[in-house]
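Taken together, the values in this text are just the output of simple stated rules run on the coordinates, not laboratory data. Just so it is clear, the model here is predicted, and its values are computed rather than measured. So basically every Cβ, Gly included, is an ideal-geometry build from the backbone, and we count neighbours across all protein chains shown.
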Number of protein chains: 2
Amino acid sequence: MTMDFSRDKPIYSQLVDRICGDILRGKLLLGDRLPSVREYAVETGVNVNTVQRVYKELEAMNITETKRGQGTFITTNEERIELLREDMKNQLAANFLTSIEALGFSKEEMLVVLKNKA
Amino acid sequence: MTMDFSRDKPIYSQLVDRICGDILRGKLLLGDRLPSVREYAVETGVNVNTVQRVYKELEAMNITETKRGQGTFITTNEERIELLREDMKNQLAANFLTSIEALGFSKEEMLVVLKNKA
DNA sequence: CATAGTGTACTATGTGACTAGTACACTATG
DNA sequence: CATAGTGTACTAGTCACATAGTACACTATG
């Protein structure tokens, strides 16, 4: 596979985003088992430790549970996923607004641009 | 002064953003002279070399012109500034949309959140 | 012409984030 | 109990960033 990653953001972070996205999109279901760290490392073309960091991060966010010798699984706590969804939305929006502010744009101005974009 | 900087982004980059913002906000006018590298370094509490990188970056973006022995000035090319404004807006929007996509949100969904935020 | 104030260039150093390689610990399975 | 497949811990190397110090080139000013 050997995914292509953006260079302005750590690989592990992009993978976390991707997995979160897959969960939110329903491509990964509650209780699903993720690929093993080695397997996923080969799939994405990165190092095992990078994948481990991804899984570690996900577990710290309480959206996965890992069992030694068995694997890493998406939490079955649906409430947690819903919360995650809200959190990410809010954080995304907040970061966006911060950037807007720093560069001197108004929210209304940006909303117009967004509407007209693909 | 000793500004406080976010840790998730290089200082020099944040300073570039800040200056661009000041220009777009009209706090810095066309033809205005920026503080000297040494002066600005003291103001912001960073190293001279960091400021130089900021000024270098700004010049590479064609939004400042530097004259040896005199200082660094905002370009008088109004068209360039307008272009800058459009570029930054578009890039900001594009990045936002990319993040949205990666995390599995829809544009419409996010627009609602943005509208309801401060 | 001397001086002080500009930007610029260069080398060196320290630090932290990121990634990689390797070895270890645990668990299921036969 | 042996083996293969899990996650995990540790060490090391690379790179960007920020800093520090020094020296140089140019310009205005007196």
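The calculated pair-distance distribution of the range A:15-118 uses every alpha carbon pair, bins of 10 angstrom beginning at 0, and gives 13, 37, 25, 19, 6, 0 percent.
Would you mind giving the average projected area, over all directions, of the Cα convex hull of the protein assembly as shown in nm² with one decimal? Write down the numbers at each step before the final one.
Values: hull surface 62.3 nm².
With every direction weighted equally, the projected area is 15.6 nm².
Between B:THR76 and B:ALA60, with labels modelled 7 Å along Cα→Cβ, what's the label distance in nm to one decimal, could you check? My value for the distance between the label points is 2.7 nm. Charge dipole (Cα centre; +1 on Lys/Arg Cβ, -1 on Asp/Glu Cβ; no other charges) of chain A amounts to roughly 280 debye. Taken residue by residue and averaged, Cβ atoms of other chains lying within 10 Å of the Cβ of A:94-104 number 6. Partner shielding of A:58-65 amounts to 0, given as the average count of beta-carbon atoms from other chains within 10 Å of each residue beta-carbon. Considering only B:PHE105, A:LEU28, A:VAL48, the residue lying farthest towards the positive end of the dipole of the protein assembly as shown is A:VAL48, judged by Cα position with unit charges set on Cβ.
Approximating the spin labels as points 7 Å out from Cα along Cα→Cβ, the A:ASP32-to-B:ARG38 distance works out to 6.1 nm.
Once you keep just the Cα pairs under 8 angstrom separated by 6 or more residues, what percentage relative contact order results for chain B? Once normalised by length, the contact order is 23 percent. Take the Cα of A:LYS115, step 7 Å toward its Cβ, do the same at B:ASN47, and the gap between the two points is 4.8 nm.
Can you give the Rg to Rh ratio of the range A:78-118, both from alpha-carbon atoms, with Rh computed by the Kirkwood formula? Present the calculation step by step, with values, prior to reporting the outcome.
Details: Rg = 13.1 Å, Rh = 11.6 Å.
We get a ratio of 1.13 for the range A:78-118.
With the convex hull of its Cα atoms as the shape, the range B:1-76 has an orientation-averaged projected area of 4.9 nm². Taking each DSSP H run with n ≥ 4 as -39500 (n - 2.57) and averaging over every residue of chain B yields -19500 deg cm²/dmol at 222 nm.
How big is the charge dipole of the protein assembly as shown about its Cα centre, in debye rounded to the nearest 20, if each Lys and Arg gets +1 on its Cβ and each Asp and Glu gets -1 on its Cβ?
Details: 34 positive and 36 negative charges, 77 e Å.
Result for the protein assembly as shown is approximately 360 debye, rounded to the nearest 20.
For the residue pairs B:LYS56/B:LYS89; A:LYS107/B:LYS9; A:LYS117/B:LYS115; A:LYS27/B:LYS9, alpha carbon separations beyond 24 Å are given by A:LYS27/B:LYS9.
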